[in-house]
Amino acid sequence: MHQAYQIHSILKQGVHIESIAGYDNNVILGTRSGQLIMYSVDENGAVDMLMFNKNFSKKAITQMEVIAEENLLFVLTDAMIHVCDISRKENNFTFIHNSQFTKGCSLFTKDVKTTKSTTGETATVIRVCCAIKRRLQFFYWKLNLLASPDFSIDLKDIPKALCWVEDLICVGYKDEYVIYNIKYNKTEKHDLIVTSSSYSIDPCMCLLKNNMLGVSKDEYLVAIDPNEYLIKKDDKSKVQGSVDVASTDTKPALKPMAWSSPLLALVWDAPFVVGRVTNGLEIRYLESSGISKDTLVQSIPELNKTKHLVRSAPGTIFAAAISELWCIRLVDISIQRHQLLQQKKFGLAIELTHISDEPDALKSDIIRQIHMRYAKELFALKQFSSAMTEFAKASADPYDVIRLFPNLLHDQAKPTAKDSFDATVPTFPMPQLEDKDLENAILALIEFLALARQKEVVKLRDTKSSSKSLLSIIDTTLLKCYLQTNDSLIAPLLRLNQCHLEESEKTLKKHDKMSELIILYQTNGKHRKALDLLQGQAIKEGSSLYGHERTIRYLQQLGSSHLQLILEFSDWVLKADPEQGLRIYTEDFIEVENLPRASVLDFLLTRHKLLVIPYLEHVINVWHDNNTFLHNVLIKQYLEKVQQLMKELEKEEECEDKTEKMETLNKYRTKLYNLLKISHNYSPDVVLKDFPTNTMLEERALILGRLKKHEKVLAIYIQILGNVKKAAEYCETHYEDDQDIFFTLLKTILSPLDQPPYEGVELHKDFLKPNHDVVVDLLNKYAIRIDPCKIWPFLPKDMPLHRLQNYLDTVLRTQMAESHHLEMKKALLTAEISRVEGLIRDQQNISFEINEFSVCPECRKRFTNQSVFVRYPNGDVVHLSCHDKRVMASNLFGN
């Protein structure tokens, strides 16, 4: 306990006080004989009477409420509300209005709201709720009158206490509390709690902090959150008129606060609740986190005769007995704070500092010091989570907090910034942390450092600072904490790339965390270290890095800027497992796809030639690379592979291995043939130089076809291979480019060579002399594509004419059909010309007159002698400029 308030006696005898009200340093007394008296009390307790109205009423003044914003005093006397003006002291409570509609009022409460318009004007809305017998009647103050909105609530009994909060009215009966929601002028009733189970006392209530509602129940103060009872229009759209909704049992928001005896009156003066009990006044502290058992701050037994309590201003409360009046003032906060810190009541010291009138900078510094002191006290008591919460509130330097854990410190440089309150905050003996205590402390530290890290990242981003030393300390400490508590969080932390490299490396090696060490190296750009470690661990059975998979994934992520490293460390993987190792250069990752393919190809050609073909196949067939060089190389690799297999097959005798090699040869030769046929990205003149002239003639024919050397291609197909079908297909493919190609084919057949076109090959036996059967078949099949005038001189003179009957018949019919078509087309065009000439003559014969009275239908202006005009088919004549505007408008709007 400590002294929170000091008491000043103002009056000891004289008037019979029936009610009191207060604002600022002023207190207004209402007497039993109907007098109104206002006193002003300064900080030293000196009293000055400001106003006195001896004959305000003939009856007792039972209740008063001050609206200081409008200088109004609402007085309940003779069961009716009167309103006075207290702005001018010399007028002694100038009477303004009394409302006959409030006749019979036994109790009232008010709601005052100040609003500000967009123009900056302020307006005060005053609402009054009167208890008139068993009914609540509502009024509002407008133009110096109490007006009624014709809205009321019927009650089950006469209320003994009223309190208005937001859109809620709390009613206290002798036996229970009830709350009404009056939003949208529709009521919803909720039963709260019974007033007392063992005492026959009137209920009392008041508003606490954050608009919490405090009600008395026996020796307890119950705090209730009114937000739970505020109606939502959308959720209660079916509520019509005044409807009682079934009561709901709602638990209070905070635990009940115990008092020494039943509460007789209540006043809230932040952060204290002042209550009148049987033996005097008690001041208790309402904590932010809840209600603790030890809430008593001060007891004032000398005010046991008190009947009335009112708070006039922050830190000022007036108490009155029948004929005595006291002013209760808050003790200077700095004095209280000193006492509270000695008693280790840090929470109350902080709340008092918040409401002090000290400069903001000083106030903030004091609060930080208290939080730090509180945090160290909690840490010494092994309340680690609460201690870290206070450290966070104090914005403590994370390095200072880490110093509480000597085993987590390392040789990093301490940040230059140092908290100013370290020297002023007393030190506490820190406990030795072991086992469960150490684990709990580290878990709490993790939460603190995670929050501190977020703040540091934001600070670095906003200030564009390049200093990351504190962030490095935080991350390195978090790494050590995770190693002792939760291994799964290590990898995500390391990927943030702020840990101190040397310290983290030493720590991870100590705990044998090789996978995490790889991540540390990777995020810090130490790729060679990472790859050396991966290569060393790959052969260690039982290691988390055993095998080559991690190395493959690591190399895939490096990108073209580290090509030399990729080439160097992929070598051992390609030797150990060529098929899997090739994924380093063929996986569908953007980093892999962007590697310089020429460099990779050169590496494979030099070190791993067997992988060249599968690599190029992936590049060309999967990634669809159109690079001419790569296509040329793949063709050459196919060619070398085919030639190698052909040589091996020539040397070997009949065996199972020979059959397998034959299948392999056919596979690669098919791939080569398809690539030459489909691809348009290789250089035919370049690749042709590598092909032999005595074998693989079909492939040579494909290449020569790309070079448009049709005679050589047809010579290979006819005179060497004797394949008329492929020769005809070739002619069909190239007919659009060369319409004499079928003539070339027939000429090749009809004019056989004496010598083979290439050394080492033989002419086909079927075409050593002109093959009449093949010629006739081709003439009949492709008659319309072969010009008879060109082919006739090459036909053998001994060929019977009847064999050419089908060909000649087809050619003549085709020529006649084409001639007939041309004649019909000519006749149609002649008729069309005659028709158009007739239309022209008709248009030329049309005449019209333009005189001084002719007007343009577009602009409504007359035609002048120099006007250029346009005549429409409907006879309208317009200016040329008007016609142009019309055309532009038509094009603009698409009509």
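Close contacts from region 781-794, counting a first residue that is within 14 Å of Arg813 (Cα to Cα) and a second that is not aliphatic (A, V, I, L, M) and not in a helix (DSSP H, G or I), with Cβ to Cβ under 7 Å and a gap of 6+ residues or different chains, come to Arg785/Tyr735. Of all the listed residues (Thr733, Thr744), the sole one being part of a helix (DSSP H, G or I), closer than 21 Å to Arg803 by Cα and of a type in the set (Ser, Thr, Tyr) is Thr744.
Considering every residue within region 591-601, establish whether at least one is basic (Lys, Arg), in a helix (DSSP H, G or I) and out of contact with any Leu (no Cβ under 8 Å at 6 or more places or on another chain). No: region 591-601 contains no residue that is basic (Lys, Arg), in a helix (DSSP H, G or I) and out of contact with any Leu (no Cβ under 8 Å at 6 or more places or on another chain).
With respect to (1) at pLDDT below 85; (2) part of a loop (DSSP other than H, G, I, E, B); (3) open to solvent by 90 Å² or more (accessible area, probe 1.4 Å), the lone exception for Val425 is condition (3). Among the residues of region 188-212, those that are touching an Asp or Glu at 6+ places or on another chain (Cβ under 8 Å) and either buried (at least 21 other Cβ atoms within 10 Å of the Cβ) or under 20 Å from Lys160 (Cβ atoms) (or both) comprise Lys189, Asp191, Leu192, Ile193, Val194, Thr195, Ser196, Ser197, Ser198, Tyr199. With respect to the stated conditions, Lys826 is within 30 Å of Glu736 (Cα to Cα), charged (D, E, K, R) and not assigned by the TED database to the domain that holds Gln739.
No other residue among Leu812, Leu892 is closer than 29 Å to Asp773 by Cα and either open to solvent by 100 Å² or more (accessible area, probe 1.4 Å) or without any contact (Cβ under 8 Å) to a residue 24 or more places away in the chain (or both) apart from Leu812.
Within region 582-620, if we keep just the residues that are of a type in the set (D, E, K, R) and open to solvent by less than 60 Å² (accessible area, probe 1.4 Å), the residue that is nearest to His631 (Cα to Cα) turns out to be Glu617.
Go through region 773-804 and give me each residue that's assigned to a helix (DSSP H, G or I) and over 20 Å from Asp740 (Cα atoms). Before you say what the answer is, go through the steps one by one.
The first filter runs over region 773-804 and keeps only residues assigned to a helix (DSSP H, G or I), leaving 773-781, 783-785, 788-794, 801-804.
Scanning region 773-804 gives Asp773, Leu801, His802, Arg803.
Would you mind stating whether Gly120 is within 28 Å of Ile7 (Cα to Cα), open to solvent by less than 50 Å² (accessible area, probe 1.4 Å) and at pLDDT below 90? For Gly120, the condition - within 28 Å of Ile7 (Cα to Cα), open to solvent by less than 50 Å² (accessible area, probe 1.4 Å) and at pLDDT below 90 - is not met.
The residue pairs whose first member lies in region 727-750 and is touching a residue at least 40 places away in the same chain (Cβ under 8 Å), whose second member is among the β-branched types (Val, Ile, Thr) and in a loop (DSSP other than H, G, I, E, B), and whose beta carbons are closer than 8 Å, counting only pairs six or more residues apart or on different chains, are Phe742/Ile786; Phe743/Ile786; Leu746/Ile786.
All of (1) within 28 Å of Gln498 (Cβ to Cβ); (2) assigned to a helix (DSSP H, G or I); (3) of a type outside the set (Lys, Arg) hold for Asp512 with one exception: (2). For Ala452, the criteria (1) in a loop (DSSP other than H, G, I, E, B); (2) open to solvent by less than 60 Å² (accessible area, probe 1.4 Å) hold in every case but one, which is (1). Could you grab me the full set of residues in region 1-54 that are free of Cβ contacts under 8 Å to residues at least 40 places away in the same chain and outside any strand (DSSP E or B)? Correct list: Arg32, Ser33, Gln35, Asp42, Asn44, Ala46, Lys54. Counting only strands (runs of 3 or more DSSP E) that sit wholly inside region 109-170, those with at least 1 residues that are over 20 Å from His82 (Cα atoms) and touching a helix residue (DSSP H, G or I) at 6+ places or on another chain (Cβ under 6 Å) are 161-165. Only one of the numbered conditions (1) open to solvent by less than 80 Å² (accessible area, probe 1.4 Å); (2) in a helix (DSSP H, G or I) is violated by Glu568, and that is (1). Yes or no: region 870-881 includes at least one residue that is in contact with a Leu (Cβ under 9 Å, 6 or more places away or on another chain), free of Cβ contacts under 8 Å to residues at least 40 places away in the same chain and open to solvent by less than 100 Å² (accessible area, probe 1.4 Å). Taking every residue of region 870-881 in turn, at least one turns out to be in contact with a Leu (Cβ under 9 Å, 6 or more places away or on another chain), free of Cβ contacts under 8 Å to residues at least 40 places away in the same chain and open to solvent by less than 100 Å² (accessible area, probe 1.4 Å). For region 55-71, residues that are in a strand (DSSP E or B) and touching an Asp or Glu at 6+ places or on another chain (Cβ under 7 Å) total 2. With respect to Ile518, determine if the residue is open to solvent by less than 20 Å² (accessible area, probe 1.4 Å), β-branched (Val, Ile, Thr), out of contact with any Cys (no Cβ under 9 Å at 6 or more places or on another chain) and modelled with pLDDT under 90. When the stated conditions are applied, Ile518 does not pass them.
Of all residue pairs spaced 6 or more apart or on separate chains, those with beta-carbon atoms under 8 Å, a first member in region 100-126 that is closer than 17 Å to Tyr140 by Cα and a second member that is in a helix (DSSP H, G or I) are Phe108/Thr102; Val112/Glu69; Thr114/Glu69; Thr124/Glu69; Thr124/Glu70; Ile126/Glu70. May I ask you to verify whether Gly559 is farther than 28 Å from Glu640 by Cβ and free of Cβ contacts under 8 Å to residues at least 24 places away in the same chain? Judged against the criteria, Gly559 is not a match. Checking region 475-492 against the condition returns no match, with no residue being of a type in the set (A, V, I, L, M), within 28 Å of Ala396 (Cβ to Cβ) and in a loop (DSSP other than H, G, I, E, B). Answer with yes or no whether Pro756 is in the same structural domain as Leu707 (by the TED database) and not in a helix (DSSP H, G or I). Here the answer is yes, as Pro756 does meet what is asked.
The values are calculated or read from the model by the stated rules, or taken from the named source; none is laboratory data. Source: prediction; values computed, not measured. With ideal geometry, Cβ positions are generated from the backbone for all residues, glycine too; neighbour counts draw on all protein chains shown. To get the accessible areas, we keep the full protein, side chains included, count just its heavy atoms, and leave off ligands, DNA and RNA. Shrake-Rupley method; radii C 1.70, N 1.55, O 1.52, S 1.80 Å.
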